[in-house]
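Trainee: Have a look at this one before I ask anything.
The values are calculated or read from the model by the stated rules, or taken from the named source; none is laboratory data. What you are looking at is a predicted structure, and each value in this text was computed from that prediction instead of being measured. Cβ coordinates were reconstructed from backbone atoms using ideal geometry, including for glycine residues, and neighbour counts include every protein chain displayed. Surface accessibility is based on the protein's heavy atoms, side chains included, excluding ligands, DNA and RNA. Shrake-Rupley method; radii C 1.70, N 1.55, O 1.52, S 1.80 Å.
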Amino acid sequence: MKIYKALLIAVAVILVAGAASADIKIVKMDHTDGFNAMGRTTPPLDQERVTWIGKDSMRTDSGDATTIIRLDTKKLYVLNHDEKTYNTLDLPVDLAQFMPPGMAEQMIPMMTFDVTVTPTDETKMIGEWKARRFDVSMTSKMATISTIMWVTKDVKFDPEAYYSMYKHLNSMIPGLEKEAEEMRKLDGLVIEEEGVTTMTIMGNTTIKKSQKTTSIEDLAAPEGTYEPPADYTEKPFDFMRAMQGQ
């Protein structure tokens, strides 16, 4: 499910910053605890994530996963660096059109999340940013996710562009299309979070994750940042192949 790892990463990053008048470079460190599920052991993972956000564009690079979203051209690109290929999807994305007949009706209800964002009065300094705690709960038939998010108002951003990109990215992940409206309750930008996912369909396996912002800078993005590389070949999006992690 490599493509969906890339998209989940992008969704998480867009909670960190929205489009501003100048490009923003965000560097984060992601950590996932090791866990056992269905007889397989997954080791801990630490990974740097670099994101560029422009007026109407965003690029996220994490490991071998890259996602680019362009509001100006209404395109979403998913890059496969191993094969030097990329997929292009039109915005807004209708994921059901890429699924085999009948799959959407079965899959989407199982993965649809009920999302609740609860603000608290707890605050603290995280690096140079003053942050407020928000508790986020997500529940579906497949999993429950409990996350503590620390949100700052100290970074300027364009909320309308931010929620537009967030909504489009969520449309690529079954069950998350409606999450963006509830996430509007986050009064600012998320700079740190800790979460626990309980996979009910995998014997209540728990997965602990954390994300920490190490830097946010106003910089001009290098030329070509928001485009697929010229030497990459475009291929049609294959939903089933993407789900199998190929």
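Trainee: Which one is surrounded by the fewest Cβ atoms within 10 Å (Cβ to Cβ), of the residues in the range 186-224 that are of a type in the set (D, E, K, R) and more than 28 Å from E122 (Cβ to Cβ)?
Mentor: The qualifying residue surrounded by the fewest Cβ atoms within 10 Å (Cβ to Cβ) is E223.
Trainee: Let me ask something else about it. Taking only the range 131-153 into account, find how many residues are in contact with a strand residue (DSSP E or B) (Cβ under 6 Å, 6 or more places away or on another chain) and surrounded by fewer than 16 Cβ atoms within 10 Å (Cβ to Cβ).
Mentor: 3
Trainee: Another question, if that's okay. Being open to solvent by 30 Å² or more (accessible area, probe 1.4 Å) and free of Cβ contacts under 8 Å to residues at least 60 places away in the same chain narrows it down to one of P92, P101, so name that one.
Mentor: P101
Trainee: In the range 28-41, what count of residues is obtained for those that are over 18 Å from the mean Cα position of the chain (by Cα), assigned to a strand (DSSP E or B) and touching a residue at least 60 places away in the same chain (Cβ under 8 Å)?
Mentor: The total comes to 3.
Trainee: Take the conditions part of a strand (DSSP E or B) and either open to solvent by less than 50 Å² (accessible area, probe 1.4 Å) or at pLDDT below 90 (or both) and apply them to M125. Does it pass?
Mentor: no
Trainee: From T116, T112, grab the single residue that is in contact (Cβ under 8 Å) with a residue 24 or more places away in the chain and crowded, with 17+ Cβ neighbours inside 10 Å.
Mentor: Only one candidate passes the filter, namely T112.
Trainee: Going through the range 154-185 one residue at a time, which ones are at pLDDT below 75, open to solvent by 20 Å² or more (accessible area, probe 1.4 Å), touching a helix residue (DSSP H, G or I) at 6+ places or on another chain (Cβ under 7 Å) and part of a loop (DSSP other than H, G, I, E, B)?
Mentor: E177, the sole residue that qualifies.
Trainee: Looking at the range 23-39 only, could you name the residues that are of a type in the set (A, V, I, L, M) and surrounded by 13 or more Cβ atoms within 10 Å (Cβ to Cβ)?
Mentor: I24, I26, V27, M29, A37
Trainee: Condition first: assigned to a loop (DSSP other than H, G, I, E, B) and at pLDDT below 85. Now tell me which residues in the range 90-108 satisfy that.
Mentor: If the condition is that a residue be assigned to a loop (DSSP other than H, G, I, E, B) and at pLDDT below 85, then P92, V93, D94, M99, P100, P101, G102 are the ones that fit.
Trainee: If only one of T42, T60, T67 is open to solvent by 40 Å² or more (accessible area, probe 1.4 Å), touching a strand residue (DSSP E or B) at 6+ places or on another chain (Cβ under 6 Å) and on the phi < 0 side of the Ramachandran plot, which one is it?
Mentor: T42
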